[in-house]
Number of protein chains: 10
Amino acid sequence: MLFHVRIEVNIPSHVDHETVERLGKLEHERAADLQRAGKWKHLWRIVGRFANISVFEVESNDELHAILESLPFYPYMNVVVVALCRHPGALSAAT
Amino acid sequence: MLFHVRIEVNIPSHVDHETVERLGKLEHERAADLQRAGKWKHLWRIVGRFANISVFEVESNDELHAILESLPFYPYMNVVVVALCRHPGALSAAT
Amino acid sequence: MLFHVRIEVNIPSHVDHETVERLGKLEHERAADLQRAGKWKHLWRIVGRFANISVFEVESNDELHAILESLPFYPYMNVVVVALCRHPGALSAAT
Amino acid sequence: MLFHVRIEVNIPSHVDHETVERLGKLEHERAADLQRAGKWKHLWRIVGRFANISVFEVESNDELHAILESLPFYPYMNVVVVALCRHPGALSAAT
Amino acid sequence: MLFHVRIEVNIPSHVDHETVERLGKLEHERAADLQRAGKWKHLWRIVGRFANISVFEVESNDELHAILESLPFYPYMNVVVVALCRHPGALSAAT
Amino acid sequence: MLFHVRIEVNIPSHVDHETVERLGKLEHERAADLQRAGKWKHLWRIVGRFANISVFEVESNDELHAILESLPFYPYMNVVVVALCRHPGALSAAT
Amino acid sequence: MLFHVRIEVNIPSHVDHETVERLGKLEHERAADLQRAGKWKHLWRIVGRFANISVFEVESNDELHAILESLPFYPYMNVVVVALCRHPGALSAAT
Amino acid sequence: MLFHVRIEVNIPSHVDHETVERLGKLEHERAADLQRAGKWKHLWRIVGRFANISVFEVESNDELHAILESLPFYPYMNVVVVALCRHPGALSAAT
Amino acid sequence: MLFHVRIEVNIPSHVDHETVERLGKLEHERAADLQRAGKWKHLWRIVGRFANISVFEVESNDELHAILESLPFYPYMNVVVVALCRHPGALSAAT
Amino acid sequence: MLFHVRIEVNIPSHVDHETVERLGKLEHERAADLQRAGKWKHLWRIVGRFANISVFEVESNDELHAILESLPFYPYMNVVVVALCRHPGALSAAT
């Protein structure tokens, strides 16, 4: 089941540089794991913004929420989820 | 070069049913050609709406506009384009 | 899997009264079937509007889209879907 | 009488971790009491957000306000209330 | 129980002048009845707009919806309802 | 002359609890005086929000601004004023 | 008493050219009368739009509404009124 | 050449009272100079807000920007500029 | 003096194809004249929309409005004008 | 390939004056380099705002993002990118 997820990251100024670095590293590790596991299907940066557009493939809404909540930057993220489904004009199964 | 394209289709009531059917068929043919040509990388329906989210891979902005303008439903589409780029946390090249 | 669905119905003036009556009757029949089948868990009217808030329980995004698309008033609906999940403070399983 | 309540929680950075933990525990206790009392009928988390959608059943607007104001996280909540009523297509009494 | 109701009236151009006149007369009669019955507590016009702000006092959400739906102009109204309650700084009981 | 005034209060976190308490007490005293003077005709709380809807009866725009500016919480208020006038369907003079 | 009034005119396509011409002439006559009477203090066109910004000086909200309602294009106007008052930094009395 | 300028002032809490007082005094002096010079044609307060609506008469866009940037409160202002022109229904030259 | 002008064209369905063709041809001729005259400095299409972004260089606001009003598609345009000025970081004079 | 970029700069109050000065100087140097390199084609200030509108000519979305991210004020910028293409009515090639 596919979900379109737009994430905007907004780190408040009181978070020191080292913490941001450390969380960023953990974030990339976590993202890599989820990509390898086939959960995080696509991940693109929006040009000019500290924001990205992703497509997740999960078993359920609860799994998607658990994944998002597990991201190190989650407390600083504004997340908007859109449920996707197969488009009648798509050639391949929706992936 | 990748672009995120959200398309909402809004067919006015004065367009008769046959025209909608015919344009819809042409739309799917055109979409199939563009998918086979590797231009229209992803195509998903948004649950509950006559709208879709697509990712296009094109050589230039002009090529993207030409493709969108060539779609049979284009006169009835509200199109919003977002330029994408490679995310530092993405494992594979941005596709 | 639960989804929050807000539906606003907007019937254009060119649809004659009989059609609206007929579709409304079919809509209620379809809604009754889906409620009996346990798919359409909750259905409330928003005070003062031709709009409702529903909660659907479905197996997948595709099933939800198929259900919504099958509603007789679907061509006149503005539908906004929000994915729900279990709240840690909820006593019973999320239903 | 049913009300749809969307709550977004936004805890400012100056609130220390222990306070958040303590308030969160109190919040869950209060929510459990209100669910057992039949006032807080439904409670769902919105996927990807520190936000929830609830349905309350109360005797009056004043009772609803008193309940919301009694929640430990209330000072950090953005609350939007929508009055619900029975939908003509709902099979059971609106609950 | 008090509700703040903002109503904007938007009569489509295909409704002929006589119908508008007739509905307007019925609307005023219905409004007068509801004011005499103590249900429609306040009714003000917004300067410069075909819109009004009202305060209703009703027993329940269902009663409010039934009242609004009974208004002759209802099919042409955009209605936004806000639940009110007693303000701690108000001298008299909330009326 | 009547004005509809929506006030949302937003007290920044750096204002200490004692100041808020003291200002709140002064605010209620000031509100009581203005209600007794017949200037502040109605005062309702919006359910679930630190916000209210009021109706003021004043001689002029300048008087209204002077009254609003005199409120102890004014520096923390977001105020939106809407000019009201007599509705042709209102039974009594607009009060 | 001064009011800032933004008016956007939106004439539907079913109104024939002659009617628009005739109403436009009446509108200018009415506007001229109100300017000579000192009620319509300022009248500016917004560059690039069929919209204007005006300042009216009236005795009351009811007078302002009566004036606006008397304009020949009123049925096609979207009117937004903002109450003005004297600015402490203005040299002359607010006109 | 006339411009409509809406200015909302938002002084952050870290600016101490003396600075605000001093800047406010300088702001009024600067505003008085510009009014005497015929540049700042109109200056009104919006009722209930720390905001104003002004009309400036300048030689060029660059002059307008230089004037606005020279205001002592400029760093705390949200400024929205709208270009005005002569309205065909205005009796006098646009002033 | 430079202005940024965003134009969205929305031709209603009742305008027949021949009229659109004819107006489109006139529009391009008029645009060519204004470009040759140095008034219409830049003209770009927004990808995916029947909209464009332009920069005009004119003597005054009135000249800009006269130019925009003279465009054959003007009755179907939604025009938003933003006044530009020289940026301190721009190498060449603002053109 | 051309992109329209609107940048609003919002420097938080905790950044000291010297840092802002230093970053501003670096920003202008970087902007000058990019203008000389033919990447930053146009740069205008929006009248009354700490914001600008630019047009960039780049080889790809990735190049545009790299340029924007390299700007010293980037962490304080709100950037909105719009893809441009050749307008059929433009006389010269789109520059």
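The values are calculated or read from the model by the stated rules, or taken from the named source; none is laboratory data. The structure presented is a predicted model; accordingly, all values stated were derived computationally and were not measured. As a convention, Cβ positions derive from the backbone with ideal geometry for all residues, glycine included, and neighbour counts pool all protein chains shown. What goes into the accessible areas is simple: the full protein's heavy atoms, side chains included, and nothing from ligands, DNA or RNA. Shrake-Rupley method; radii C 1.70, N 1.55, O 1.52, S 1.80 Å.
Take the conditions surrounded by fewer than 21 Cβ atoms within 10 Å (Cβ to Cβ), at the interface with another protein chain (Cβ under 10 Å from one of its Cβ atoms) and under 21 Å from E:Asn10 (Cβ atoms) and apply them to C:Arg49. Does it pass? It is true that C:Arg49 is surrounded by fewer than 21 Cβ atoms within 10 Å (Cβ to Cβ), at the interface with another protein chain (Cβ under 10 Å from one of its Cβ atoms) and under 21 Å from E:Asn10 (Cβ atoms). In the range J:52-72, which residue that is in contact (Cβ under 8 Å) with a residue 40 or more places away in the chain and within 10 Å of the chain's Cα centre (by Cα) is nearest to H:Met77 (Cα to Cα)? So, considering only residues that are in contact (Cβ under 8 Å) with a residue 40 or more places away in the chain and within 10 Å of the chain's Cα centre (by Cα), the one nearest to H:Met77 (Cα to Cα) is J:Asn52. When the criteria are applied in full, D:Leu68 fails the requirement of being modelled with pLDDT of 95 or more and in contact with a Pro (Cβ under 6 Å, 6 or more places away or on another chain).
Could you go through the range E:83-94 and let me know if any residue there is under 30 Å from G:Pro12 (Cα atoms) and in contact (Cβ under 8 Å) with a residue 40 or more places away in the chain. No, the conditions are met nowhere in the range E:83-94. Scanning the range H:30-39 for residues that are hydrophobic (A, V, I, L, M, F, W, C) and facing another protein chain (nearest Cβ under 8 Å), which turns out nearest to J:Phe50 (Cα to Cα)? Result: H:Ala31. In summary, I:His42 fulfils each of the numbered conditions (1) touching a Leu at 6+ places or on another chain (Cβ under 9 Å); (2) buried (at least 18 other Cβ atoms within 10 Å of the Cβ); (3) away from chain G (no Cβ under 11 Å) with the single exception of condition (1).
Among all residues of the range H:38-49, there is at least one that is part of a loop (DSSP other than H, G, I, E, B) and farther than 23 Å from G:Met1 by Cα. Annotation note: of G:Glu57, G:Glu21, the sole residue that is over 29 Å from E:Ser13 (Cα atoms), of a type in the set (Asp, Glu) and modelled with pLDDT of 95 or more is G:Glu57.
Residues checked against (1) within 14 Å of chain C (Cβ to nearest Cβ); (2) among the β-branched types (Val, Ile, Thr); (3) open to solvent by less than 30 Å² (accessible area, probe 1.4 Å); (4) not in a helix (DSSP H, G or I):
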residue	(1), (2), (3), (4)
B:Glu18	no, no, no, no
B:His28	no, no, no, no
B:Phe56	no, no, yes, yes
B:Leu64	no, no, yes, no
B:Ile67	no, yes, yes, no
B:Pro75	no, no, no, no
B:Val82	no, yes, no, yes
B:Ala90	no, no, yes, yes
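Does B:Gly24 fit the bill of being surrounded by fewer than 22 Cβ atoms within 10 Å (Cβ to Cβ) and on the phi > 0 side of the Ramachandran plot?
For B:Gly24, the condition - surrounded by fewer than 22 Cβ atoms within 10 Å (Cβ to Cβ) and on the phi > 0 side of the Ramachandran plot - is not met.
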